[in-house]
Ligand code: ATP
Ligand code: MG
């Protein structure tokens with residue numbers, strides 16, 4: 001129980017911290033991409049401004065003409081600006097290509113926005129470029145367009161390295177978080193475990209200590225009963241002694257149930273398990289209940305497969321769990337009803353079903369019947385018919401789970417109830 005809670009705590013801690021970390025890493029990566037792109041755009045803008053500053057617009061033989069002679073990369077007299085640019089293009093005011101450097105260009109200006117990411121089809125592989133297209137104006141009149149582009153490969157390389165770092169660092173950190181979560185879960189569970197163990201010890205000690213005085217009271221009541229047995233004048237006292245004896249018997253039963261629950265918490269030791277052939281073992285167990293079934297006019301049936309099914313269990317405990325379920329079936333099934341025990345294997349699980357045609361359990365009671373001291377409303381209303389403490393199913397569940405199994409219940413009011421025990425095959 002504590003290990004499961006600890007695992008759950010660690011799982012939720014890792015999941016929440018991991019999600020926060022992943023979102024954080026994603027945001028940082030996105031920020032890095034935008035920063036790099038802005039940096040590249042600033043560089044492109046700076047280069048295009050230098051080139052635009054070298055464009056000359058002059059009167060030549062009575063006509064205004066654009067001269068690109070001094071423009072880096074495009075002009076004849078120009079000096080190389082830098083080799084980082086993949087291409088530079090000059091378009092006239094109508095968007096017609098006039099001159100270009102680097103990659104060949106289309107005859108007509110296509111770009112609509114200033115900054116653009118474009119993909120070029122290369123011989124060996126495609127390349128991503130960042131392109132800027134700026135209108136060049138003279139006296140508020142557009143005299144042409146300059147378009148330049150640079151490779152995005154260095155940025156992509158940097159981002160790829162960053163992404164690689166994140167993909168290694170994030171799962172690694174999540175692993176560390178998981179480890180820390182487990183350790184923290186253990187620390188958080190410690191006081192709860194201590195308090196629970198203290199409570200278990202108290203229940204066990206108190207139940208154990210109550211046994212001797214209860215036994216003494218019962219003996220005294222029985223001695224008193226014997227003394228009054230043959231004397232008619234002591235009838236009243238006899239009734240009292242009988243009442244005391246019955247109450248003590250039922251309290252002793254409660255005390256031993258509590259003691260059992262306190263002592264048998266948690267998984268069983270593998271050394272205490274014995275290998276048994278479940279079919280014949282169950283048949284013998286059912287046979288020992290036939291007399292009880294007959295006394296209550298109930299039809300007890302057993303459906304066991306021919307092939308042997310071997311399991312490793314603590315036979316005394318398992319007998320008590322199945323006994324509790326059979327006793328419930330006897331108790332909550334009216335005379336003439338049928339109780340059937342079935343054994344079979346399904347999907348790799350050993351399944352034991354105990355089905356009765358009794359009063360059934362209401363839907364609203366079903367989730368609680370395995371809780372300690374819980375009794376269904378309908379049962380409490382018939383207190384004379386069914387005296388119990390509501391511990392039988394809690395004990396059965398504790399035993400089955402101690403074996404690594406599960407117990408479920410299905411019921412329809414007025415039709416009957418089926419309890420199903422599932423064990424992994426060994
Ligand atoms: P005891 O501690 O003596 O077993 P109990 O039988 O009341 O008392 P549980 O065996 O824990 O306690 O069962 C809990 C409740 O579940 C019962 O009070 C009853 O309401 C309901 N229940 C259990 N088994 C059946 C069944 N086969 N048919 C109908 N109701 C059932
Ligand atoms: Mg019971």
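The values are calculated or read from the model by the stated rules, or taken from the named source; none is laboratory data. Note that the structure is a prediction, hence the values are computed from the model and not measured. So basically every Cβ, Gly included, is an ideal-geometry build from the backbone, and we count neighbours across all protein chains shown.
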Residue ID - nearest to ligand 2 (Cβ to nearest atom), chosen from residues in the range 331-345 that are at pLDDT 95 or above and touching a helix residue (DSSP H, G or I) at 6+ places or on another chain (Cβ under 8 Å): 339
Any chance residue 354 is closer than 18 Å to residue 319 by Cα, within 15 Å of ligand 2 (Cβ to nearest atom) and in contact (Cβ under 8 Å) with a residue 60 or more places away in the chain: yes
Number of the exception - residue 364 against (1) touching a residue at least 40 places away in the same chain (Cβ under 8 Å); (2) away from ligand 2 (no atom under 14 Å from the Cβ): (1)
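Please go through the range 79-97 and pick out each residue that is part of a loop (DSSP other than H, G, I, E, B) and at pLDDT 85 or above. Step through it out loud before you land on a result.
Applying the first criterion (part of a loop (DSSP other than H, G, I, E, B)) to the range 79-97 yields 79-84, 93-95.
Once the filter is applied, which keeps residues that are part of a loop (DSSP other than H, G, I, E, B) and at pLDDT 85 or above, the range 79-97 yields 93, 94, 95.
For the range 199-236, how many residues are at pLDDT 85 or above and touching a helix residue (DSSP H, G or I) at 6+ places or on another chain (Cβ under 7 Å)?
Of the residues in the range 199-236, the ones at pLDDT 85 or above are 199, 201-226.
Of the ones still in play, those that are also touching a helix residue (DSSP H, G or I) at 6+ places or on another chain (Cβ under 7 Å) are 203-204, 207-208, 210-211, 214, 217-218, 221-222, 224-225.
Count: 13.
Going through 210, 134 one at a time, which residue ends up being touching a residue at least 12 places away in the same chain (Cβ under 8 Å), out of contact with any strand residue (DSSP E or B) (no Cβ under 9 Å at 6 or more places or on another chain) and crowded, with 16+ Cβ neighbours inside 10 Å? Write out each step before concluding.
Details: 134 fails: out of contact with any strand residue (DSSP E or B) (no Cβ under 9 Å at 6 or more places or on another chain).
Only one candidate passes the filter, namely 210.
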Test: residue in the range 376-384 that is part of a strand (DSSP E or B) and more than 11 Å from ligand 1 (Cβ to nearest atom): no
Count of residues meeting criterion [in contact with a strand residue (DSSP E or B) (Cβ under 7 Å, 6 or more places away or on another chain) and either more than 6 Å from ligand 1 (Cβ to nearest atom) or farther than 19 Å from residue 323 by Cα (or both)] in the range 362-374: 1
Neighbours by Cβ (under 7 Å, 6+ apart or cross-chain): first from the range 388-408, closer than 22 Å to residue 253 by Cα; second assigned to a strand (DSSP E or B) and more than 11 Å from ligand 1 (Cβ to nearest atom): 396/407; 397/407; 400/406; 400/407; 400/421
Search result, residues across the range 389-410 that are under 22 Å from residue 364 (Cβ atoms) and within 9 Å of ligand 2 (Cβ to nearest atom): 389, 390, 391, 392, 393, 396
Which numbered condition residue 374 misses (of (1) closer than 23 Å to residue 252 by Cβ; (2) surrounded by 20 or more Cβ atoms within 10 Å (Cβ to Cβ); (3) modelled with pLDDT under 95): (2)
